[in-house]
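To start, the structure under review is shown below, and the notes come after it.
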Amino acid sequence: MARSSSGVFVAALTAAALAGVGFLAVQAEAAPDKPQSSHAAGAGASGKGEDKGKDGAPADSGTGSGKDAGAQAALPDVPAGSGTGKRVVYALGQKRVWLVGADGKATHSFEVAPSAVNPVPGPYAVTSRDATGTGSDGKAIEHVVRFHRNPAGVVFGFSAAVDGSLPDPAAAGKKTGAVRESPADGRAMWDFALNGTKVVVVA
């Protein structure tokens with residue numbers, strides 16, 4: 001009987017312990033989940049931070065790409081009838097040059113000081129280049145890109161004065177074919193128009 005009573009007592013203690021564990025589990029389930037709530041608040045703060053970051057970073061990159069898009073949109077249209085593919089387009093009437101990529105889109109466009117003698121409109125190709133030289137006006141020039149010599153011996157080409165000046169070639173009274181660019185535009189032309197690159201002159 002003692003053994004039986006002891007067994008009953010142990011069983012009762014076990015049941016009580018299990019009941020207590022169950023009660024604590026229920027209490028834990030019912031209690032507010034403070035860490036989770038704190039995490040949610042943190043996530044909310046983080047979310048706001050991300051929003052700020054999202055507004056900040058993309059806004060900057062958007063401004064950058066916006067500037068690029070704006071610069072691209074600001075380029076005057078490439079003259080119609082100027083050919084296809086990669087080419088330099090020189091419009092005599094507009095006194096402007098376009099550097100056009102293989103996809104037909106202009107990557108750069110700028111005004112130039114035209115030569116005293118104009119080349120006949122038509123297709124040409126870059127024939128020779130010189131990193132430095134002396135212009136017909138006696139000025140030091142750089143990034144010389146030549147594309148044609150006419151029957152009279154006038155050589156046509158693009159160049160930039162080292163001092164950045166843009167003289168009026170006609171004022172010198174010489175029959176020259178030098179088309180003068182700014183130093184920055186001369187560098188762009190030099191990098192773009194390698195020997196053999198198509199040059200299209202339009203009216």
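The values are calculated or read from the model by the stated rules, or taken from the named source; none is laboratory data. Note that the coordinates shown come from a computational prediction; the quantities given were computed from them, not determined experimentally. Backbone-built Cβ (ideal geometry, glycine too); neighbour counts: all protein chains shown. Surface areas here come from the heavy atoms of the whole protein model, side chains and all, with no ligands, DNA or RNA. Shrake-Rupley method; radii C 1.70, N 1.55, O 1.52, S 1.80 Å.
Out of all the residues in region 134-149, which are surrounded by 14 or more Cβ atoms within 10 Å (Cβ to Cβ) and at pLDDT 95 or above?
141, 142, 143, 144, 145, 146, 147, 148, 149
Quickly run through region 88-130 and pick out the residues that are free of Cβ contacts under 8 Å to residues at least 40 places away in the same chain, closer than 21 Å to residue 162 by Cβ and of a type in the set (Gly, Ala, Ser).
Those that are free of Cβ contacts under 8 Å to residues at least 40 places away in the same chain, closer than 21 Å to residue 162 by Cβ and of a type in the set (Gly, Ala, Ser): none in region 88-130.
Say we look at region 83-120 and pick out the residues that are exposed (fewer than 14 other Cβ atoms within 10 Å of the Cβ) and among the basic types (Lys, Arg); which of these is farthest from residue 158 (Cα to Cα)?
105
What about residue 165, is it in a loop (DSSP other than H, G, I, E, B) and out of contact with any helix residue (DSSP H, G or I) (no Cβ under 7 Å at 6 or more places or on another chain)?
Taking the combined requirement at face value, the residue satisfies it.
At pLDDT 95 or above and within 20 Å of the chain's Cα centre (by Cα): is that true of residue 131 in this structure?
In short, no.
Residue 80 - would you say it is closer than 12 Å to residue 200 by Cα, free of Cβ contacts under 8 Å to residues at least 24 places away in the same chain and open to solvent by 50 Å² or more (accessible area, probe 1.4 Å)?
Considered against the rule, which asks whether it is closer than 12 Å to residue 200 by Cα, free of Cβ contacts under 8 Å to residues at least 24 places away in the same chain and open to solvent by 50 Å² or more (accessible area, probe 1.4 Å), residue 80 comes out as yes.
Would you point out the residue of region 98-156, among those that are in a loop (DSSP other than H, G, I, E, B) and of a type in the set (D, E, K, R), that is farthest from residue 184 (Cα to Cα)?
Per the criteria, the residue is 103.
(1) under 24 Å from residue 75 (Cα atoms); (2) over 30 Å from the mean Cα position of the chain (by Cα); (3) modelled with pLDDT of 95 or more: which one isn't true of residue 92, the others all being true?
(2)
Residue check: is residue 176 closer than 19 Å to residue 86 by Cβ and out of contact with any Asp or Glu (no Cβ under 8 Å at 6 or more places or on another chain)?
no
Being surrounded by fewer than 15 Cβ atoms within 10 Å (Cβ to Cβ) and of a type outside the set (S, T, N, Q): is that true of residue 177 here?
no
Condition test on residue 156, is it under 15 Å from residue 113 (Cα atoms), modelled with pLDDT of 95 or more and more than 28 Å from the chain's Cα centre (by Cα)?
Here the answer is yes, as residue 156 does meet what is asked.
Can you tell me how many residues in region 150-203 are more than 23 Å from residue 79 (Cα to Cα) and aliphatic (A, V, I, L, M)?
10
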